[in-house]
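All remarks here apply to the structure that follows.
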Amino acid sequence: MNPNSLLRIRDLSKDELMGILMDAQLFGASQKDWQLPQRRLVANLFFEPSTRAHYSFASAEHQLGCCVEDFTAAGSSVEKGESLYDTVKTFESVGYDAVVIRHRQDEYFRELEGIEMGSYDAGSHPTQCLLDLLTLYQEFGRIEGIRLAIIGDIQHSRVASSNREAMELLGGEWVFSGPPQWQREGYPYMPIDEAVEW
């Protein structure tokens, strides 16, 4: 995969992760419009329904000056059995610079070995994790030493996994909580009242 891809938090170094947060700080603090140095072609490939992720990515892409194509599997060659690899390879072959993918399958990107253009996971992680980290950084000015209680449906949350990886990488502490039936094996759990006090 292209080194400019963003598919998992654990693929980033501490410096890369903090660099993304610092860039986000600059974007947020600036009143000027940010534009890429040259126009880029980006395809949003959404294989499952989404409103917030889809249009958040589209908005950011347009604000950066990208030419954006919204792809849906319905009405495409996917209906005839085209693989994810072949779909992405088609966009690469016709000159797209990057794809943003939301797919039902976890780690779908393992099928994309050999794809040279940038790929970005829009399945709420790691991008949601980056938003969580930015919020923590803006609130506390650091991540190291922060205690984070992640409360909710941990068993089914992909974001919780990314947050755990990020906090570990950046020196934060974490604990998981929520209804006992939503716990995940191997994730440190604390009852909600204790987690809030902690």
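The values are calculated or read from the model by the stated rules, or taken from the named source; none is laboratory data. These numbers come from a predicted model, not from an experiment. Because the Cβ atoms are built from the backbone with ideal geometry, glycine has one as well, and the counts that use them run over all protein chains shown. The accessibility values were calculated without ligands, DNA or RNA, using every heavy atom of the protein model including side chains. Shrake-Rupley method; radii C 1.70, N 1.55, O 1.52, S 1.80 Å.
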Just want the answer: with Cβ charges of +1 for Lys and Arg and -1 for Asp and Glu, which residue in Gly28, Ser5, Thr51 is farthest toward the dipole's positive end in the chain? Gly28
Taking all protein chains in place and a 1.4 Å probe, what share, in percent, of the accessible surface of the chain do carbon and sulfur account for? 50 percent
Per q in 0.09, 0.15, 0.19 Å⁻¹, report the Debye log10 I(q)/I(0) for the chain, using one uniform scatterer on each alpha carbon and no solvent. -0.39, -1.02, -1.39
Note to self: with every protein chain in place and a 1.4 Å probe, the stretch 42-165 gives an accessible area per residue in Å² of 50 Å²
In sequence order, calculated HN-Hα J values of the stretch 188-194 (Karplus, 6.51, -1.76, 1.60; Hz; x Gly/Pro): x, 10, 9, x, 4, 4, 5
Hey, what's the per residue convex hull volume over the C-alpha atoms of the stretch 128-198, in cubic angstrom? 79 Å³
So how far apart, in nm, are the two label points at Leu64 and Val94 if each is 7 Å from Cα heading toward Cβ? 2.1 nm
